[in-house]
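Asker: This is the structure I have questions about; it appears just below.
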Amino acid sequence: PAYHLVYGMATKAPGDDGMHVDYLPDDVVQKYVDAARAEKVAVILDVQISAYTPADAIRRALPFLEHPNVHLAIDPEFAMVEPGQLYPGDPIGYVTAEQVNEVQQVMAEYLRANNLAGQRVLLVHQFQNTMIVDKEKLDPAVPEVALTLSVDGFG
């Protein structure tokens, strides 16, 4: 079992930084992490990429990896990849295998730099084949990261 939190939610409004993401306050996330630890369940912090690169989108969540029950997810549906795109999700976005591999490396480097033991999951949502470009180039061999593709629904 796991608590799956949309940690970074895509928004139509660009926000102060222009990136179209509204992050949950860290103190709220910490309450979920603590409750999950008490119940012996995982927490998945999901980031709807929006105008960030996938690697930049997850950086704010990295300190939560200090908790062994915390894992990360990215949602390509909301990646703003088209020139002139006004807001996330229209059209449906995508990530490349190279970008996913970069996210894995960022996670692995954070775990190593902070001497954090144990493997963490990187969940990549996908409900269309076009949402992960060059999927055959995904690197499933990053020791610190369990790359997982989730065939989920729209929205």
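Asker: From the gyration tensor of the Cα coordinates in segment 1-89, what semi-axes in whole Å does the equivalent ellipsoid have, largest first, with each one equal to sqrt(5λ)?
Answerer: 26, 12, 10
Asker: Let me check I've understood the local charge: for V95, count other residues with C-beta under 12 angstrom from its C-beta, Lys and Arg +1, Asp and Glu -1. What total comes out?
Answerer: It works out to a net charge of -3.
Asker: Then there's this: With charges set only on the Cβ (+1 for Lys and Arg, -1 for Asp and Glu), what does the dipole of the chain come to about its Cα centre, in debye to the nearest 20?
Answerer: Charge dipole of the chain: 380 debye, to the nearest 20.
Asker: Order of 2-11, 48-57, 128-137 by packing, highest average Cβ count within 10 Å first? Could you put the intermediate results ahead of the total?
Answerer: Details: 2-11: 19.2, 48-57: 22.1, 128-137: 13.5.
Descending mean neighbour count gives 48-57, 2-11, 128-137.
Asker: Another question, then. At 0.36 nm per residue, minus the direct Cα-Cα distance, what do A117 and K137 gain on full extension? Give it in nm, one decimal, please.
Answerer: Length difference between fully extended and current span is 4.5 nm.
Asker: Using alpha-carbon positions, what is the distance between the centroids of segment 121-154 and segment 54-83, in Å?
Answerer: Cα centroid to Cα centroid, the span is 13 Å.
Asker: Using the number of other C-beta atoms within 10 angstrom as an exposure proxy, rank L62, L149 with the fewest first. All intermediate terms of the calculation are to be shown ahead of the outcome.
Answerer: Details: L62 18, L149 15.
The most exposed by this proxy come first: L149, L62.
Asker: Also, I was wondering about something else. In degrees from 0 to 90, rounded to the nearest 10, what is the angle of the helix 26-39 Cα long axis to the longest principal axis of the chain?
Answerer: Taking the Cα atoms of the chain, the angle to 26-39 is about 50 degrees.
Asker: So between D152 and Q85, what do we pick up on full extension, going 0.36 nm a residue minus the alpha carbon distance?
Answerer: Once the chain is fully extended between D152 and Q85, it gains 21.8 nm.
Asker: Provide, in order from the shortest bin, the percent of all Cα-Cα pairs of the chain in each 5 Å bin, continuing until the bin that contains the maximum pair distance.
Answerer: Each 5 Å bin holds this share of Cα pairs: 2, 10, 20, 22, 21, 15, 8, 2, 0, 0.
Asker: Taking H as built 1.01 Å from N, whose amide H comes closer than 5 Å to the amide H of A51, not counting residues under 5 places away?
Answerer: Amide H neighbours of A51, under 5 Å, 5+ apart: M80.
Asker: Continuing with the same structure: Report the trypsin sites (Lys or Arg not before Pro) located in segment 1-94 that are in a DSSP loop and have at most 11 other Cβ atoms inside 10 Å of their Cβ, or state none.
Answerer: Sparse-neighbourhood loop trypsin sites (Lys or Arg not before Pro): K12, K40.
Asker: Could you state the angle between the C-alpha long axis of helix 97-113 and the longest principal axis of the C-alpha atoms of the chain, as a value from 0 to 90 degrees rounded to the nearest 10?
Answerer: Around 30 degrees separate the two axes.
The numbers here are math on the coordinates, done by the rules we state, and not lab data. Just so it is clear, the model here is predicted, and its values are computed rather than measured. Cβ coordinates were reconstructed from backbone atoms using ideal geometry, including for glycine residues, and neighbour counts include every protein chain displayed.
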